[in-house]
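Structure, as structure tokens:
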There are 2 protein chains.
Amino acid sequence: FDLLSPARAWCQAAAQKLPGGIGSKLCGRLVVEKKKTAIIYLLPALDGDLKTMTFLQEVVDILLAYITESFDRETKVIDFHYPNELLQRNNWELQDEPETLDDILISCRATLKYAIKTAHPRYFNQLSTGLDMVGLAADWLTSTANTNMFTYEVAPVFVLLEYVTLKKMREIIGWEDGRGDGIFSPGGAISNMYAMLLARFKMFPEVKEKGMSSVPRLAAFTSEHSHFSIKKGAAALGIGTESVICIKADESGKMIPADLERKILEAKQKGFVPFFVSATAGTTVYGAFDPLIAISDICKKYQVWFHVDGAWGGSLIMSRMHKWKLDGVERSVLKLTWNPHKMMAVPLQCSALLVREEGLMQNCNQMHACYLFQQDKHYDLSYDTGDKALQCGRHVDIFKLWLMWRAKGTIGFEAQIDKCLELSEYLYNKIKDREGYEMVFNGKPQHTNVCFWYLPPGMRYMEDKEEKKKRLHKVSICPHHVSFTRNKMAVL
Amino acid sequence: FDLLSPARAWCQAAAQKLPGGIGSKLCGRLVVEKKKTAIIYLLPALDGDLKTMTFLQEVVDILLAYITESFDRETKVIDFHYPNELLQRNNWELQDEPETLDDILISCRATLKYAIKTAHPRYFNQLSTGLDMVGLAADWLTSTANTNMFTYEVAPVFVLLEYVTLKKMREIIGWEDGRGDGIFSPGGAISNMYAMLLARFKMFPEVKEKGMSSVPRLAAFTSEHSHFSIKKGAAALGIGTESVICIKADESGKMIPADLERKILEAKQKGFVPFFVSATAGTTVYGAFDPLIAISDICKKYQVWFHVDGAWGGSLIMSRMHKWKLDGVERSVLKLTWNPHKMMAVPLQCSALLVREEGLMQNCNQMHACYLFQQDKHYDLSYDTGDKALQCGRHVDIFKLWLMWRAKGTIGFEAQIDKCLELSEYLYNKIKDREGYEMVFNGKPQHTNVCFWYLPPGMRYMEDKEEKKKRLHKVSICPHHVSFTRNKMAVL
């Protein structure tokens, strides 16, 4: 018993647990020939069960050890090497000949050795961090199920869970009976691109067939602090970045509604047709929430489609204490981007686009490919979600969110979000009067972003504000900001 | 020992194997309190190691049992229920209160119970099937690493592996020294959209800022058998589906070059500017390969950008026996879509866009977001791939392909592809003279698609071809086709 490897222990135990064939098959062949096990002996090889189970279990052992290490504060967050150096530290090349399973395990270890531990308590990077254990388990299951969201027949459960979850999200927004539509897409940038695409189609449905030449010159509006994906989307959709008009933000990063109205009028005078306003709920750097009610009033007045990019801040709607920051989202929004992979710490990627109008996505994107979306199936075809997407195949991103939601409950997400906001306020209070630090803007943070400048000693008492600003930008191009997305504390 | 659950056996063995803290910690607490284990005790809880390892191991046990079952020919491929029925067979709702870990395990089992077994030997669906064990292991590792492709600093190894793999793919295409660019994107539809976007930008770079109003009316060309994503892309990019001109295909589904030339001339006469030809290497239904050399000659003559959609058939370039079907791809292609998640059986999703010109993607898509793509980093910034993508965050799709490639070697992929093509020829020979079946087109299949009509007894000797065709379409809207993507055999 002393010499049992975890994999062999698993085999032995599995033999007692698993019903029928596989259990006894494993039990009967306990002596695992580990060295030089070639890939061809794995499943789907007829006799591949045992080798497969052993191999996968060894991979899992590596992963479990990595997870424990990742959460250990004493380990390094990253064993950093420059690209050229890293290329030379290991043989990463792809060759003609196959490797053994042992080599594959070595490759897995090497990959993790040089990976950055995103679950580490001291890991801070852009807007996603931590590793939720239920989310991880769900993602392992998703990989194992290895299917595609295009039709109900190839992903019955996942399509249903997407349906259930999107409905729940729409209920939380406050749309009547949770009615509407939506989709999980590969990231907030694509969700925002969908939003712009839908707004254009809603106003000018002929654009689908005839293109932009059938449409007057369009104008979209978003705050100067908004995410770059709005411009990127406009470039891709043939609208052009110059048609994205930036609205001034106030000192704390919120869009100024009066400037929006002024620029809508200006654009109209120049012959543009304003079609799309993207307000931001939680800007990337400041974490600011645009005033949604005032913006939606202006949108209504000028009949412009109103989108909220809540990729970062949308999750605050789960918190009874903080959801007022999104007031207005319920009564006027056409669409909302909401990325559970950020504030809700769902493994990457998980981004939802929620759409108020049923059928709009379908009409905008469908191409009726007969071999895929046959109209003579024996079930309710509204569950074949593929034709409303821009993608054909679509990765299953729903299960990790759904399973985490079951595990935490709505109140669990709420507690997690509240805690993160509490931590950012704690940091703000610690830093605002501290020697050598200067806040980027005054006032409590609205989201978990805490933005500050670090002032090197020689700059602390400079009088010339312009000169100071110039030199600060040499210390760092952007202001520092710390964002909390898990229950953890930044150490300054 | 009799009563050891796999999870407890693992703990015990791990204690002997894992170095330092975690091992002894696990060993010291072998009595696992399994019932009512709440989520809050999992990592990152300070004392969460043991519960986490136990929980994850239990999930892995469920997954391993599912895998074994999936490969067992005697099990059902799916326990099918209609959407409304499936909604009622289980409680899928999201609630306020958290569930216990035991409930979470029950949810995992229920999800798999109603999932379709895509790894099952008798599972056939659109263009992807099977579950590669090394690919699966790689995907589990990817989930565990939980990071994002936008910068080298958050995904050092994965960014390098993407670099290494894309270079290898370009070498295989035959581009000099493997030079060029590329990206892994969420599926072939998005890759094709990129291709169209790049072609437009290459011809009219001002479109990025000024939109389609600065550009003459464009025309794109693709075969009538091409994938619907070409039209979908044109609709999204503001080009319009009417600007996608369908070129006639011959009886076996290949684009007719003479018709392409005729329609390019026609479009020019009407004042359109031809900018993009998308040839298909492996059409979705027939598996036809467009004649790339002839098409590329026409593209050169009329200075139109030439793209090859090899989402389905691109992988044949790995086979010395079959790569002639892609002849022409090396000397003239601007871009190639190539989905290893199809023919190469990499878990979903894994789609590459390969671009010949370095810097083009960057210029087309970059938006210079300073908080993300700082220009003052201490490493070679060409490894920050985020700004050349349409996405901001991007899922790590590379590791599963890279690890499978290591495991199989180039010759392993070749053997797998050759075997699939051999199987389709076998099926073709079995079916072509069989009573009650009729081939959709004559001649050996070029790819693994074998297209046939099943003729019910009453229709077998019908003289009226039109009437027969009409009635056939009532049996099935599309012709049947069987595609092989793993070493398995269809049973008629």
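The values are calculated or read from the model by the stated rules, or taken from the named source; none is laboratory data. Small disclaimer: the values here were computed from a predicted structure and weren't measured. Here Cβ is always computed from backbone atoms with ideal geometry, including for glycine, and neighbour counts include all displayed protein chains. SASA here: full protein model, heavy atoms, side chains in, ligands and nucleic acids out. Shrake-Rupley method; radii C 1.70, N 1.55, O 1.52, S 1.80 Å.
For the range A:333-445, report the translational diffusion coefficient in µm²/s to the nearest whole number, using Stokes-Einstein at 20 °C, 1.002 mPa s, and a Kirkwood Rh over Cα pairs.
So the translational diffusion coefficient is about 119 µm²/s.
To the nearest 10 square angstrom, how much accessible area does B:Ile317 have with a 1.4 angstrom probe?
10 Å²
Could you estimate the translational diffusion coefficient of the range A:248-332 from the Stokes-Einstein equation, with Rh from the Kirkwood formula over C-alpha pairs, at 20 °C and 1.002 mPa s, in whole µm²/s?
Using the Kirkwood radius from Cα pairs, D works out to 162 µm²/s.
For the range A:280-383, with every protein chain kept in place, what is the accessible area per residue (1.4 Å probe, Å²)?
32 Å²
Quick one: helix A:188-203 against the long Cα principal axis of chain A, what's the angle to the nearest 10°, folded into 0 to 90?
On a 0 to 90 degree scale, this one is about 50.
Using the Karplus curve 6.51 cos²θ - 1.76 cosθ + 1.60 with θ = phi - 60°, what ³J(HN,Hα) values do you get for each residue of the range B:155-169, in whole Hz, with x for Gly and Pro?
Each residue of the range B:155-169 in turn: 8, x, 5, 5, 4, 5, 5, 5, 4, 4, 6, 4, 4, 4, 5 Hz.
Relative contact order for the range A:40-119 using alpha-carbon pairs under 8 Å, separation at least 6, rounded to a whole percent?
Contact order relative to length: 38 percent.
Given C-alpha coordinates of the protein assembly as shown, what is the ratio Rg to Rh with the Kirkwood estimate of Rh?
Answer for the protein assembly as shown: 0.96.
Enumerate by residue number the trypsin sites (Lys or Arg not before Pro) in the range B:160-238 meeting two conditions: DSSP loop (anything except H, G, I, E, B), and at most 13 other Cβ atoms within 10 Å of the site's Cβ.
Those that pass, being in a loop and sparsely packed, are B:Arg179.
Starting from the amide H of A:Tyr437, placed 1.01 Å from N in the peptide plane, find each other amide H under 5 Å away whose residue is 5 or more places distant or on another chain.
Here the answer is A:Leu455, since their amide H atoms fall under 5 Å of that of A:Tyr437.
List the relative contact order of chain A as a percent without decimals, with contacts defined as Cα pairs under 8 Å and 6+ residues apart.
After rounding, I find 15 percent.
Please work out the ratio of the alpha-carbon Rg of the range A:252-391 to 2.2 N^0.38 Å and round it to two decimals.
Ratio of Cα Rg to 2.2 N^0.38 Å: 1.25.
Enumerate the calculated ³J(HN,Hα) couplings along the range B:433-450 in order (Karplus 6.51 cos²θ - 1.76 cosθ + 1.60, θ = phi - 60°), each rounded to whole Hz, writing x wherever the residue is Gly or Pro.
10, 7, 3, x, 10, 9, 6, 6, 9, 7, x, 4, x, 7, 10, 8, 6, 10
For B:Asp327, tell me the accessible area in Å² from a 1.4 Å probe, rounded to the nearest 10.
My reading of the accessible area for B:Asp327 is about 80 Å².
Could you please report the charge total around A:Arg170, scoring K, R as +1 and D, E as -1 over all other residues with beta-carbon less than 13 angstrom from its beta-carbon?
Here the count lands on -3.
Averaged across the residues of A:93-106, what count of C-beta atoms belonging to other chains lies within 10 Å of each residue's C-beta?
Across A:93-106, the average partner-chain Cβ count within 10 Å equals 5.
Per 10 Å bin from zero, what fraction in whole % of the C-alpha pairs of the range B:415-459 is there, up to the bin with the longest pair?
With 10 Å bins starting at 0, P(r) equals 28, 49, 19, 4, 0.
Could you state how much accessible area A:Met462 has, in square angstrom rounded to the nearest 10, with a 1.4 Å probe and all protein chains kept in place?
Per-residue accessible area (A:Met462): approximately 40 Å².
How many Å² of accessible area per residue for the range A:158-259, probe 1.4 Å?
Each residue of the range A:158-259 exposes 28 Å² on average to a 1.4 Å probe.
Considering amide H positions built from the backbone, and no H for Pro or chain starts, which residues 5 or more places from A:Gly393, or on another chain, come under 5 Å of its amide H?
Correct list: B:Gly188, B:Ala189.
Let me know the Kirkwood hydrodynamic radius for chain B, please, with Cα pairs as the basis and the value in Å to one decimal.
So the Kirkwood estimate lands at 25.6 Å.
Whole-Hz Karplus ³J(HN,Hα) for the range A:172-185, in order, using 6.51 cos²θ - 1.76 cosθ + 1.60 and θ = phi - 60°, x for Gly and Pro?
Per-residue couplings from phi come out as 5, 4, x, 6, 3, 6, x, 6, x, 9, x, 7, 8, 10 Hz.
What are the extents of the Cα atoms of the range A:336-389 along their three principal axes, listed from largest to smallest and rounded to whole Å?
Computed over the range A:336-389, the largest-to-smallest principal extents equal 41, 22, 18 Å.
Using only protein heavy atoms and a 1.4 Å probe, how much accessible area in total is buried between B and A, to the nearest 100 Å²?
Summing both chains' loss of accessible area gives about 14300 Å².
Other chains' Cβ within 10 Å of B:283-293 residues: what's the mean?
Taking the mean over all residues of the peptide, I get 1.
Mind checking the angle between helix A:6-17 and chain A's longest principal axis? C-alpha axes, 0 to 90 degrees, to the nearest 10.
With rounding to tens, the tilt is 80 degrees.
One-quarter of the Cα convex hull surface for the range B:110-195, in nm²?
It is 8.3 nm².
For B:Cys392, B:Cys246, write out the residues from largest to smallest accessible area, computed with a 1.4 angstrom probe and no ligands counted.
B:Cys246, B:Cys392
Where both residues lie in the range A:215-337, what percent of DSSP beta bridges are antiparallel, nearest 5?
10 percent
Ignoring chymotrypsin sites (Phe, Trp or Tyr not before Pro) that are buried or in helix or strand per DSSP, and keeping those with at most 11 other beta carbon atoms within 10 Å, what is the longest stretch of chain A between them?
Between exposed loop sites, the widest span is A:2-460.
Please compute the average number of Cβ atoms from other chains found within 10 Å of each residue's Cβ in peptide B:151-162.
The per-residue average across the peptide is 5.
Can you give me the accessible area per residue for the range A:422-476, using a 1.4 Å probe, in Å²?
About 63 Å² of surface per residue is accessible.
How many angstrom lie between the Cα centre of the range B:151-227 and the Cα centre of the range B:52-110?
39 Å
Quick one: pull the percent of accessible area on the range A:67-132 belonging to carbon and sulfur, 1.4 Å probe, ligands and nucleic acids left out.
Within the range A:67-132, the accessible surface is 45 percent carbon and sulfur.
For a quick size check, give me the Cα extents of the range B:86-237 along its three principal axes, largest first, whole Å.
60, 38, 37
Compute the relative contact order of the range A:216-290 as a whole-number percentage, counting only Cα pairs closer than 8 Å that sit 6 or more residues apart in sequence.
Normalised by residue count, the contact order of the range A:216-290 is 41 percent.
Give, to the nearest whole percent, the P(r) tail of the range A:74-130 beyond 12 angstrom, counting all Cα pairs.
Above the 12 Å cut-off, the range A:74-130 has 73 percent of its Cα pairs.
Rg/Rh for the range B:384-460: what does it come to with C-alpha atoms and Rh from Kirkwood?
Taking Rh as the inverse mean 1/r over Cα pairs, Rg/Rh reads 1.26.
In nm², what is the average projected area of the convex hull enclosing the Cα atoms of the range B:167-288?
In nm², the orientation-averaged hull projection of the range B:167-288 is 8.6.
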